[in-house]
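**Student:** The structure is given below, and queries will be raised subsequently.
The values are calculated or read from the model by the stated rules, or taken from the named source; none is laboratory data. A quick note: this is a predicted structure, and the numbers were derived from the prediction, not measured. Note that each Cβ is placed from the backbone with ideal geometry, even for glycine, and that neighbours are counted across all protein chains shown.
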Amino acid sequence: MTPFERANVEMLAGITRLLERQTERPGKSHEEDIAERFRKQGPKEFSGTTDPLVAEEWIRSMETIYDFMGLTDADKVRCAIFMLKADAALWWKGTVVVLE
């Protein structure tokens, strides 16, 4: 595993732990509002890549939207997971199972 891949795994593990520590879950209306506002920003889907520059570009584009919207960490994670497709979505599902 490359240092970049290891850093990504560690970052996602930390995000997962953060979500697990949260005791409050926002109501459905909050999630729907966030999802609608998020989609209006035109976020890019991420299907996975072996090119770290492509992954970094996707992360930066997501962070720009997060900053503009003033999202909580939990909402950032939900939005990012929603944008994972194909290989990236499969990888995430496998990571979540391992971390549980």
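**Student:** Confirm whether residue 83 is in contact with an Asp or Glu (Cβ under 8 Å, 6 or more places away or on another chain) and under 25 Å from residue 1 (Cα atoms).
**Tutor:** yes
Per-residue answers, yes or no, for (1) under 18 Å from residue 5 (Cα atoms); (2) charged (D, E, K, R):
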| site | (1), (2) |
| --- | --- |
| 57 | yes, yes |
| 71 | no, no |
| 74 | no, no |
| 88 | yes, no |
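**Student:** Report the residue count in the range 60-87 for those that are in contact with a helix residue (DSSP H, G or I) (Cβ under 9 Å, 6 or more places away or on another chain), within 16 Å of residue 8 (Cβ to Cβ) and of a type outside the set (Asp, Glu).
**Tutor:** Total satisfying the criteria: 7.
**Student:** For the range 16-29, check the following and say yes or no: at least one residue is part of a loop (DSSP other than H, G, I, E, B), surrounded by fewer than 11 Cβ atoms within 10 Å (Cβ to Cβ) and at pLDDT 90 or above.
**Tutor:** For the range 16-29, residues part of a loop (DSSP other than H, G, I, E, B), surrounded by fewer than 11 Cβ atoms within 10 Å (Cβ to Cβ) and at pLDDT 90 or above: absent.
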